[in-house]
Amino acid sequence: MNLPEKYKKPYNSKDVESIVYEKESNSGLFNPDVLINTFPKKYADSKTWTTITPPPNANGRLHAGHALDVTLKDISGRYKRMQGYQVLMLPGSDHAGFETQVVYEKKLEKEGRSRFGMDREKLYKEIYDFTIANKDTVTDEIKRIGASYDWSRDTFTLDDKVVSGVQNTFIKMYEDGLIYRGKRDCNWCSKHQTSLSDVETTNKELVDTFYTFKIGEFNIGTSRPETKFGDKYIVVHPDDKRYEKWLDNDTFEAEWISGPTKFTVIKDESIDMEFGTGAMTITPWHSGVDFLIAKKHGLDMVQVIDEQGKLMDIAGELKGLKAITVGRQKVVEILREKGLIVSEDTAYKHVVPVCYKCETPIEPQLKDQWFVKMESLAEMALQASQDGRINFVSEQYKKVYEYWMKNPLDWNISRQIVWGIQIPAWFKNKGEDNQEFHIGKTKPEGDDWIQDSDTFDTWFSSGQWPVATLGFSDSEDFKRFYPTQLMETGRDLIFKWVPRMVIFGLYLTGEVPFKDIYMHGMVLDAKGQKMSKSKGNVLSPIDLADEYGMDALRMALIVGNAPGNDIPLSVDKVKAYKKFVNKLWNIARFVLENTDESMDGEVDLTNKHIENFKNIKNDISKNIESYQLHLASESLYQYVWHEYADVVLEEIKKDLTDENKKVLRYLFKQILIIAHPFMPFVTEEIWSDFVDVEVNGLLLVQDWE
RNA sequence: GCGCGAUUAGCUCAGUUGGUAGAGCAACUCAUUUACACUGAGAAGGUCGGGGGUUCAAGUCCCUCAUCGCGCACCA
């Protein structure tokens, strides 16, 4: 027969992938509007199926995790589109405020520059250009994975409509009493010079010296002597017998760092009598726990360490020293000379919060910032999970989510960085306490108003992503596509992103933003280690695809990857699926050599092979529906190789009757359909040799009944 | 400390409502130009981490212990 030349060689992904993607993309069928217009019979009256794709940070290149992310949702999307849904997979990019600024700061550092002292607008413009350039690279790489995304709706978190809508949300929340400005302890990173939310810190175990100091009759423990300059309160538990002779608010004078100091005894139940001596001093400005005690008892709060992490005036001659290093040593020296050290435990292990980007220990600071009151919002989000309006594909994340929603902490949304959406708030007399402010997008009457220079926590805008990308509630797209079906994203975003989308979705629209939540695991190296540049074990999805083909990589990422579990990826595994792709190619060769289009008519549906296939197909459909893609892909592999090729084809080869050829051809075309979502490139390519695509359409829109 | 996972063939992992264990890779035997050597046929390999319980029946449900991983919080 007329076998195309290309089948005489093994499958070569390089000859195929970009051409196929272009063909599919140029057809416009990734856009649901075009889908309806082109195939009205199939799509005009059908339901929508929507997924808003997590915006990859527009600050770097794609890694294997992105490839998994795109593949998982693309399989579902392609499947639903073939089934006849108006599929919208909406792509976007995130300016990723703090993350991008950190990346850009590193770049500046390399160039011997610094963002501090740079003109705000100039810096913004530079980061903007940098981000846009990267965004284009990232977009191209996502396309290589085969993402059937509607690029005509591509959205950037700094698009006008998003910025405006996000600011509106802030104003609405303020009016609803859900946002307040308050002096509260914040997680301060002294390297990056910004406050961070609780989920932007991570924990690090340190071995420090734990000191016990003598203050009058009390022995107090601390691992942070450098904060003790301003301490003038001794706090003990009200039931502690050791200190029962002291009454609440009793005072005494004792020798301390800067000389004789007046101390006040405070009794508070939050003290752990078992720890240390059961007595401690407090430093409310630099400790969240101490802050709560001070607030409760109305105590003075004094700043000891400045925003660069240096000791302030109160430290007298030690002023200006780096608090945590030299400052600490000097204070200890002073106290040693005064004979106030009772004991030193040099092997004290404790865990401190550090900046999740640079691991600089967080220095809590009291600052005026914008906070979101989380309690009622979290309650709404908890309800949605408990009553099943949102469904977690893997239960373990439901538990984590619900735990977090039951224990919400108010959310600091102010960031002292320029890269982001500026907060629509205006101040008079900036710098003083209790300053007057005005909330609104435009400057109020009068000359002395200046806009808050802070920007929103990036998750404040990306939390609104499902609503924002669809144009907020007054747009046509919103009415058509909201609420969406699937939110598929990495397990690391269970706190940062997912609950916030649920909260904003419910708050802004009354409806959950998505029904199914699929949290995928991390892609690890072959040994199960986290991929990192420093370990040198990073597998680039683009490099792998260059060598083995993207279809092979997609399969390697899906098979054996149960929802939510981390997945090791090895080159051997990708190779194995490259063989599978080639197997499909060779089957196509055989079928093309032995059949032709005249055999495309009716087949005997009671044929045993067709009956068997029907069961496999049902099984695969069921597993895709429930996001058990590892099972679906496994069945596909087993069927194609060990049933169709090893049994059906071998049997029919020995008895090439017209009827058998028809069965062979019919089944193979069906295989192309069920294999398409998993391996879009090779299947689409082969499809065009079986049918006239001009007449019958791309494989992309064939019926999956 | 609290929470969440994991522990199944040499390795990496599946195993959906309980019905006496599966895949890929590796290793072994055979076939030798076949649509496909990026191949085919075959065989081998597991007391499902330990212990206890529920059940006619447990890899699967419950309890407990151990080891590993992760997350959250904190003690000054």
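Could you give each residue of region A:22-31 its phi-based ³J(HN,Hα) in whole Hz, using Karplus coefficients 6.51, -1.76, 1.60 with θ = phi - 60°, and x for Gly or Pro?
After applying 6.51 cos²θ - 1.76 cosθ + 1.60, I find 5, 4, 5, 5, 5, 5, x, 6, 6, 9 Hz.
How much length would be gained if the chain were fully extended between A:LYS295 and A:MET522, taking 0.36 nm per residue of separation minus their Cα-Cα distance, in nm to one decimal?
Details: separation 227, 0.36 × 227 = 81.72 nm, distance 4.18 nm.
Separation in residues times 0.36 nm, less the Cα-Cα distance, equals 77.5 nm.
Please give the net charge around A:ARG389, taking every other residue with its beta carbon less than 9 angstrom from that of A:ARG389, where Lys and Arg add +1 and Asp and Glu add -1. Walk me through the numbers on the way to the answer.
Details: positive: A:LYS515; negative: A:ASP387, A:GLU511.
Around A:ARG389, the charge tally is -1.
Mind listing the long-range amide H neighbours of A:LEU366? Cut-off is under 5 Å, sequence gap 5 or more, other chains count too, H placed in the peptide plane at 1.01 Å from N.
Under 5 Å from the amide H of A:LEU366: A:CYS186.
Hey, if you put +1 on the Cβ of every Lys and Arg and -1 on every Asp and Glu Cβ in chain A, which of A:ILE517, A:PRO568, A:VAL304 ends up farthest toward the positive end of that dipole?
Farthest towards the positive end: A:PRO568.
Once you list every other residue whose beta carbon is under 15 Å from the beta carbon of A:VAL498, what net charge do they have if Lys and Arg are +1 and Asp and Glu are -1?
Values: positive: A:LYS73, A:ARG389, A:LYS398, A:LYS399, A:ARG491, A:LYS496, A:ARG500, A:LYS515; negative: A:ASP69, A:ASP94, A:GLU395, A:GLU402, A:GLU488, A:ASP492, A:ASP516.
After counting each charged neighbour, the total is +1.
For A:PHE263, enumerate residues with amide H under 5 Å from its amide H, sequence gap 5+ or separate chain, H modeled in the peptide plane.
A:PHE252, A:GLU253, A:ALA254
Principal axes first, then extents: for the Cα atoms of region A:10-159, list largest minus smallest coordinate on each axis, whole Å, largest first.
Dimensions of region A:10-159 along the principal axes of its Cα atoms: 62, 41, 22 Å.
Counting pairs of alpha carbon atoms under 8 Å apart in space and at least six apart in sequence, what relative contact order in percent does region A:16-160 give?
37
Please give the helix A:395-406 orientation as an angle from the longest Cα principal axis of chain A, in degrees from 0 to 90, rounded to the nearest 10.
Compared with the principal axis, the helix lies near 30 degrees.
Just to confirm my numbers, what's the Cα centroid distance between region A:23-102 and region A:358-423 in Å?
Comparing the Cα centres of region A:23-102 and region A:358-423, I get a distance of 27 Å.
Probe radius 1.4 Å, ligands and nucleic acids left out: which of A:SER598, A:SER25 has the largest accessible area, and how do the rest follow? Write out the running numbers ahead of the final one.
Working: A:SER598 100, A:SER25 40 Å².
Heavy-atom accessible area, descending, gives A:SER598, A:SER25.
Between A:LEU409 and A:SER223, how high is the FRET efficiency from 1/(1 + (r/R0)^6) when r is the Cβ-Cβ distance and R₀ = 35 Å? Nearest 0.05.
Details: r = 24 Å, r/R0 = 0.67.
After rounding, the FRET efficiency stands at 0.90.
Counting other Cβ atoms within 10 Å of each Cβ, which chymotrypsin sites (Phe, Trp or Tyr not before Pro) in region A:107-187 have at most 11 and sit in a DSSP loop? Mind showing how you got there, number by number?
Values: sites: A:PHE116, A:TYR124, A:TYR128, A:PHE130, A:TYR149, A:TRP151, A:PHE156, A:PHE170, A:TYR174, A:TYR180; in loops: A:PHE116, A:TYR149.
Qualifying residues, ordered by number: A:PHE116.
Using the Karplus equation 6.51 cos²θ - 1.76 cosθ + 1.60 (θ = phi - 60°), what ³J(HN,Hα) coupling, rounded to whole Hz, does each residue of region A:222-239 give in order, writing x for Gly and Pro?
Running phi through 6.51 cos²θ - 1.76 cosθ + 1.60 with θ = phi - 60° gives 6, 10, 10, x, 5, 9, 8, 3, x, 5, 9, 10, 9, 10, 9, 6, x, 8 Hz.
Once you have a ≥ b ≥ c as the square roots of the Cα gyration tensor eigenvalues for region A:237-383, tell me rounded if a/c is under 1.5, and otherwise prolate or oblate according to whether a/b is larger than b/c. Before the final figure, lay out the partial values.
On the way: a/c = 1.74, a/b = 1.19, b/c = 1.46.
Taking the square roots of the gyration eigenvalues as a ≥ b ≥ c, region A:237-383 is oblate.
What percent antiparallel are the DSSP beta bridges of chain A, to the nearest 5? Please list the in-between numbers first.
Values: 53 of 76 bridges.
If I count the DSSP bridges inside chain A, around 70 percent turn out antiparallel.
Round to a whole angstrom and tell me the spacing of the C-alpha centers of region A:277-317 and region A:652-683.
Distance between centres, Cα-based: 74 Å.
In region A:92-122, what GluC sites (Glu not before Pro) fall in a loop by DSSP, with at most 16 other Cβ atoms inside 10 Å?
Numbers: sites: A:GLU99, A:GLU105, A:GLU109, A:GLU111, A:GLU121; in loops: A:GLU111.
Passing both the DSSP loop test and the Cβ count: A:GLU111.
Quick one: helix A:288-297 against the long Cα principal axis of chain A, what's the angle to the nearest 10°, folded into 0 to 90?
50
Karplus couplings for region A:470-480 from phi (6.51 cos²θ - 1.76 cosθ + 1.60, θ = phi - 60°), rounded to Hz, Gly and Pro as x?
For region A:470-480, the Karplus curve yields 8, x, 6, 5, 8, 8, 5, 4, 4, 5, 6 Hz.
Report the FRET efficiency, 1/(1 + (r/R0)^6), for A:LYS608 and A:ASP33, where r is their Cβ-Cβ distance and R0 is 41 Å, rounded to 0.05.
0.40
Would you pull out the residues with amide H under 5 Å of A:VAL342's amide H, same chain only if 5 or more places away, H placed 1.01 Å from N?
A:THR212, A:PHE213, A:LYS214
Take the alpha carbon gyration tensor of chain A, find the square roots of its eigenvalues, order them as a ≥ b ≥ c, and report rounded if a/c is under 1.5; if not, report prolate when a/b exceeds b/c, else oblate. Working shown, then result.
Details: a/c = 2.66, a/b = 2.23, b/c = 1.19.
Prolate.
For A:LYS110 and A:CYS358, what is the calculated FRET efficiency with R₀ set at 25 Å and r taken between the beta-carbons, to the nearest 0.05?
Working: r = 15 Å, r/R0 = 0.61.
Once rounded, the FRET efficiency stands at 0.95.
Quick check: from the Cα gyration tensor, does region A:648-705 come out rounded (a/c under 1.5), prolate or oblate?
Details: a/c = 2.40, a/b = 1.84, b/c = 1.30.
Prolate, since a/c reaches 1.5 and a/b exceeds b/c.
At 0.36 nm per residue, minus the direct Cα-Cα distance, what do A:ILE314 and A:SER18 gain on full extension? Give it in nm, one decimal, please.
Working: separation 296, 0.36 × 296 = 106.56 nm, distance 6.57 nm.
Here the segment from A:ILE314 to A:SER18 would lengthen by 100.0 nm.
The values are calculated or read from the model by the stated rules, or taken from the named source; none is laboratory data. Just so it is clear, the model here is predicted, and its values are computed rather than measured. For neighbour counting, all protein chains shown are included, and Cβ atoms are generated from backbone atoms with ideal geometry for every residue, glycine included. To get the accessible areas, we keep the full protein, side chains included, count just its heavy atoms, and leave off ligands, DNA and RNA. Shrake-Rupley method; radii C 1.70, N 1.55, O 1.52, S 1.80 Å.
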